[in-house]
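Single-structure report; data block below.
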Amino acid sequence: MPITLSVIKADIGGYVGHSESHPDVLARAEECLAKVKKAGLLVDYHVTKCGDDLQLIMTHQQGEENEKIHKLAWDTFVDCTEVAKKLKLHGAGQDLLADAFSGNVKGMGPGVAEMEFEEREAETVIIFMADKTSSGAWNMPLYKMFADPFNTIGLVIASNMHAGFTFEVHDVKESKKVFFESPEEIYDMLVFIGAPSRFMVKAIYHRPSKEIAAVSSTQRLALIAGRYVGKDDPVCIVRSQGSFPAVGEVLEPFASPILVEGWMRGSHMGPLMPVSVIDSTPTRFDGPPRVIGLGFQLAEGKLVGPRDMFADKSFNLARHQANEMADLMRRHGPFEPHRLPLEEMEYTTMPEVMKKLEGRFTALD
Ligand code: F6R
Ligand code: MG
Ligand code: MG
């Protein structure tokens with residue numbers, strides 16, 4: 001039976017500030033989804049949070065982009081916003097950019113990653129969720145998992161992976177997509193995905209079988225709303241084991257923290273720190289950016305788990321390194337490369353300051 005795994009998320013209010021989610025909000029989401037599971041629309045679900053983002057992980061048999069499932073997520077966010085408003089949480093309802101649901105949550109604020117597949121005899125999936133960053137943050141980790149033999153030895157020594165993977169890359173500014181075959185087109189692909197604020201890895205497919213291997217959310221809130229409304233704080237689903245990278249190969253990219261955009265006011269670069277769910281509490285300078293990874297085995301769509309993958313001690317050094325990198329970046333204060341280039345900043349006073357200084361700029365000799 002084909003099963004669909006949908007991860008739909010939204011920031012509907014932070015506690016305290018933008019640093020964490022309130023337990024009452026999570027409890028309300030749990031109630032909403034329990035009711036729907038009982039009624040039979042969902043096979044299973046798991047509610048969690050990453051920082052100030054409410055995460056709905058759901059399995060069902062309705063397929064991708066299904067109106068009933070998207071409406072369920074939207075209604076849950078609306079219900080939870082009521083709780084957030086009562087508690088006067090910060091930015092209650094901030095990611096719900098539309099007044100009413102209209103068929104699909106895409107383009108309405110929430111982030112979505114969904115994949116439909118035939119469940120394998122053992123179906124291992126890992127769901128990554130990040131706070132204080134944007135979808136391009138998955139580009140390098142996904143490249144390493146599915147295209148870099150220094151990360152994924154299976155690409156070299158496992159015959160079911162040796163033919164490589166197909167990458168679907170989206171240009172979120174021009175609303176275009178392109179497919180690259182790895183390994184032979186990786187140099188071409190890196191020209192694009194090395195610029196993660198514009199080009200984002202949307203999905204990855206196993207070449208011989210065409211099976212879906214990974215999918216990410218690529219909604220850019222600022223592009224949807226035309227103004228700053230919060231960072232995208234993306235999610236990503238990765239299938240693992242067998243003809244996909246092993247769990248250890250899927251997690252390995254996060255052992256070497258990289259710099260991503262989205263820290264403080266969505267306008268700074270900072271290290272992406274792998275943490276357990278309880279440690280997804282971006283606090284220092286509203287960060288540094290966090291990533292959590294929940295692992296499940298699926299059994300007829302039932303979510304067996306989660307295992308909190310980054311709770312493992314072997315990620316302690318990565319966390320330590322990320323904190324060192326955070327210090328190094330903070331040293332730059334309002335200067336690049338900590339602060340993002342002018343056109344990428346989510347907050348700016350540039351137009352008003354320019355207006356104030358009108359007439360004070362004169363031509364160079
Ligand atoms: C939110 C974020 C935060 C906020 C900052 C200001 O995801 O990154 O750094 O941008 O706390 O928030 P507001 O404008 O809501 O007071
Ligand atoms: Mg927030
Ligand atoms: Mg957030």
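The values are calculated or read from the model by the stated rules, or taken from the named source; none is laboratory data. As the structure is a computational prediction, the values presented were derived from the model and not from experiment. Neighbour counts are summed over all protein chains in view; Cβ atoms, including those assigned to glycine, are modelled from backbone coordinates with ideal geometry. For the accessible areas, the whole protein counts, side chains as well, though only heavy atoms, and no ligand, DNA or RNA atoms are used. Shrake-Rupley method; radii C 1.70, N 1.55, O 1.52, S 1.80 Å.
Per-atom-type breakdown for the chain gives carbon and sulfur 55% of the accessible area (1.4 Å probe, protein chains only). Using 0.36 nm per residue and subtracting the Cα-Cα separation, the extra length available between VAL191 and LYS68 on full extension is 40.4 nm.
Which length gain, in nm to one decimal place, applies between GLU118 and GLU184 when the Cα-Cα distance is subtracted from 0.36 nm times their residue separation?
Stretched fully, the GLU118-GLU184 segment lengthens by 20.9 nm.
DSSP assigns beta bridges within the chain; of those with both partners inside it, close to 95 percent run antiparallel.
Taking the chain as a Gaussian network, Cα atoms linked when under 10 Å apart, which of PRO141, PRO337, PRO257 shows the biggest mean-square fluctuation? Fluctuation is largest for PRO337. Give me the lysines in straight-line cross-link reach of LYS210: C-alpha distance below 20 Å, same-chain residues under 8 apart excluded. Within reach: LYS144, LYS177, LYS202. Using C-alpha pairs below 8 Å separated by at least 6 residues, the relative contact order for segment 1-95 is 43 percent. Taken over segment 105-193, the alpha-carbon convex hull comes to 145 cubic angstrom per residue. In plain terms, the C-alpha convex hull of segment 145-208 casts an average shadow of 4.2 nm² when viewed from every direction.
Sorted on the mean count of surrounding Cβ atoms within 10 Å across their residues, most packed first, peptides 26-35, 126-135 read 126-135, 26-35. Basic side chains Lys and Arg get +1 at the Cβ, acidic Asp and Glu get -1 at the Cβ, and with that the dipole of the chain about its Cα centre reaches some 740 debye. Write out the GluC sites (Glu not before Pro) in segment 119-179 meeting two conditions: DSSP loop, and at most 10 other Cβ atoms within 10 Å of their Cβ. Filter output for segment 119-179: GLU121, GLU174.
Taking every protein chain into account, the accessible area of the chain amounts to 45 square angstrom per residue (probe 1.4 Å). With only Cα atoms counted, segment 27-107 has Rg and Dmax values of 12.6, 37 Å.
A simple packing score, the average count of other Cβ atoms within 10 Å per residue, orders the peptides 65-72, 273-280, 108-115 as 108-115, 273-280, 65-72, with the highest score first. Here the relative contact order of the chain, from alpha carbon pairs under 8 Å that lie six or more residues apart, stands at 18 percent.
A cut-off of 5 Å between modelled amide H atoms, ignoring neighbours fewer than 5 places along the same chain, links LYS202 with GLU168, VAL169, HIS170.
Placing a label point 7 Å from the Cα of LYS35 along the Cα-to-Cβ line, the residues of segment 81-99 whose backbone N sits under 15 Å from it are 81-83. With the simple model of a label 7 Å out from the Cα in the direction of the Cβ, MET1 to MET354 spans 5.7 nm. The per residue volume of the convex hull around the alpha-carbon atoms of the chain is 154 Å³.
You can think of it this way: the chain between ALA255 and ASP79 has 59.7 nm of extra reach, that is 0.36 nm per residue less the Cα-Cα gap. Working from Cα pairs under 8 Å separated by at least six residues, relative contact order for segment 285-365 is 15 percent. Take the Cα radius of gyration of segment 274-365 and divide it by 2.2 N^0.38 Å, N being the number of residues; the result is 1.74.
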